[in-house]
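What follows is a short report on a single structure.
The values are calculated or read from the model by the stated rules, or taken from the named source; none is laboratory data. If you're wondering where the values come from, they're calculated on a predicted model, not measured in any experiment. Glycine also receives a Cβ, built like all others from the backbone with ideal geometry; neighbour counts cover every protein chain displayed.
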Amino acid sequence: MKKTIKEQKTVLLILLSNIFIAFLGIGLIIPVMPSFMNIMHLSGKTMGYLVAAFAVAQLLMSPLAGRWVDRYGRKKIIIIGLFLFGVSELIFGLATNVSVLYISRILGGISAAFVMPGVTAYVADITSVQERPKAMGYISAAISTGFIIGPGIGGFIAEYGIRMPFFFAAAIAFLACISSIFILKEQLTKEQLAEISANTKQTNFISDLKRSLHPLYFIAFIIVFVLAFGLSAYETVFSLFSDHKFGFTPKDIAAIITISSIFGVIAQVFMFGKMVEKLGEKKLIQLCLITGAILAVASTLISSYLAVLAVTCFIFLAFDLLRPALTTFLSKAAGKEQGFVAGMNSTYTSLGNIVGPAMAGILFDVNIHYPYLFAAVIMVIGLGITVMWNEKQLGESLAE
């Protein structure tokens, strides 16, 4: 019989810290974007590509990392991912030209591809089916906090130097790596890993994508893409938009994102379980998409600091509730293929994180309002896709 979450607090805390640190790196670059643009004379398009480079590497590595999680064990992949992340942040902090910045972000993307499926599969191993939704909610809160609070931390630490946020991230990544080596224990034996690996067909990236088109997973994966696209597009241009339109300082931007992330995560922890029970996963996802689309449009109409803060708080909350609903659905549907599904979850997240920042950067150079309006359109399309969601298939899968 598996131990309860309460009995595994230390292990769960280490796992949540690991995934928090990995996603912290995605957002750290956001508040210093205007400064990098000025120092290196870069366009919005280039900055968008710089953010997208992280996700490109994550996309290409995720399916392979998902299989390695099932073959070599969760702990090894998590530790390797944390080490690579620390190296990538250190390189970024020392970089003096754009090419090195790209190398750093690519290495960071590879590290995220290792950590995300490793942690998700590890949590699935140590939790019962009854407690898994709660545990996945915690993972989602850690991801959201890392991704959203990254710019906040980056903005505050940047007061001591534009490169300090990256040295800070490298330090905590190496600490997390060391603590994981001594505290985490592999949950599956070599025989169990060999059995899972043997039962999983050896396929390439293209065939993995084809498998993800199975009706059981596909709609959920598309919404994963929409979530990642909307949040990354919104966040990528947020500091640039605030700097160009309102003249906000990095500290102002950091304050908005930090307050919004705290609000979103607290509300998520206390509201998610109750909302799923009352509405069900499908209706909750639809409500979040509607809210996100409306607030993305509202972002182009507001002007005061308090209005920006309020809209940002609620749009992040919508994303924070949407993510665990999807993660829980996919975990339940995965059965014994936790590594594969977690890897493909990471793949579709990466696709959204590639297209979102790239499109946002291009559109920003045309009109600073266009990235938000385009994100709203994507979320409305995602809402339409959820109408085709056949929940009966999930029930049949679980009954087998």
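In this structure, V237 does not qualify as of a type in the set (A, V, I, L, M) and farther than 24 Å from L301 by Cβ.
Among the residues of segment 249-261, those identified as modelled with pLDDT under 80 and either within 17 Å of A307 (Cβ to Cβ) or in a loop (DSSP other than H, G, I, E, B) (or both) are T249, I253, I257. Screening M271 against (1) farther than 14 Å from F147 by Cα; (2) in contact with a Pro (Cβ under 9 Å, 6 or more places away or on another chain); (3) surrounded by fewer than 23 Cβ atoms within 10 Å (Cβ to Cβ) leaves a single unmet condition, (2). When S299, S303 are checked against the criterion of being farther than 23 Å from L330 by Cβ, out of contact with any Cys (no Cβ under 6 Å at 6 or more places or on another chain) and buried (at least 16 other Cβ atoms within 10 Å of the Cβ), S299 stands alone in meeting it.
Looking at I79, I103, which one is surrounded by fewer than 23 Cβ atoms within 10 Å (Cβ to Cβ), within 19 Å of the chain's Cα centre (by Cα) and farther than 19 Å from A158 by Cα? Answer to the selection: I79.
With respect to (1) surrounded by fewer than 17 Cβ atoms within 10 Å (Cβ to Cβ); (2) β-branched (V, I, T); (3) over 23 Å from V119 (Cα atoms), the lone exception for V311 is condition (1). Answer with yes or no whether V87 is more than 18 Å from the chain's Cα centre (by Cα) and assigned to a loop (DSSP other than H, G, I, E, B). Taking the combined requirement at face value, the residue does not satisfy it. Just the residues that are buried (at least 24 other Cβ atoms within 10 Å of the Cβ) and among the basic types (K, R), please, taken from segment 63-76. Passing the criteria: only R74. When segment 225-249 is filtered for residues that are closer than 22 Å to L42 by Cβ and crowded, with 24+ Cβ neighbours inside 10 Å, the ones remaining, listed by number, are S232, A233, Y234, E235, T236, V237, F238, S239. Taken over segment 29-53, the criterion of being buried (at least 24 other Cβ atoms within 10 Å of the Cβ) and either under 17 Å from F85 (Cβ atoms) or within 15 Å of the chain's Cα centre (by Cα) (or both) is satisfied by I29, I30, V51, A52.
Checked against (1) at pLDDT below 70; (2) closer than 28 Å to T328 by Cβ, Q202 passes all but a single condition, namely (2).
Here is a yes/no grid of residues against (1) among the aromatic types (F, W, Y); (2) at pLDDT below 75; (3) crowded, with 20+ Cβ neighbours inside 10 Å:
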{"residue": "Q8", "(1), (2), (3)": "no, yes, no"}
{"residue": "L13", "(1), (2), (3)": "no, no, no"}
{"residue": "G27", "(1), (2), (3)": "no, yes, yes"}
{"residue": "A55", "(1), (2), (3)": "no, no, yes"}
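Residues that are surrounded by 24 or more Cβ atoms within 10 Å (Cβ to Cβ) and of a type in the set (K, R) are absent from segment 328-348. Here the helices (runs of 4 or more DSSP H) wholly within segment 266-368 that include at least 3 residues being at pLDDT 80 or above and within 15 Å of F221 (Cβ to Cβ) are 338-366. For segment 127-174, the set of residues classified as under 19 Å from P117 (Cβ atoms) and outside any helix (DSSP H, G or I) consists of T127 only.
Yes or no, residue by residue, for (1) buried (at least 22 other Cβ atoms within 10 Å of the Cβ); (2) among the small types (G, A, S):
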{"residue": "G93", "(1), (2)": "no, yes"}
{"residue": "S99", "(1), (2)": "no, yes"}
{"residue": "M116", "(1), (2)": "yes, no"}
{"residue": "E159", "(1), (2)": "no, no"}
{"residue": "A173", "(1), (2)": "yes, yes"}
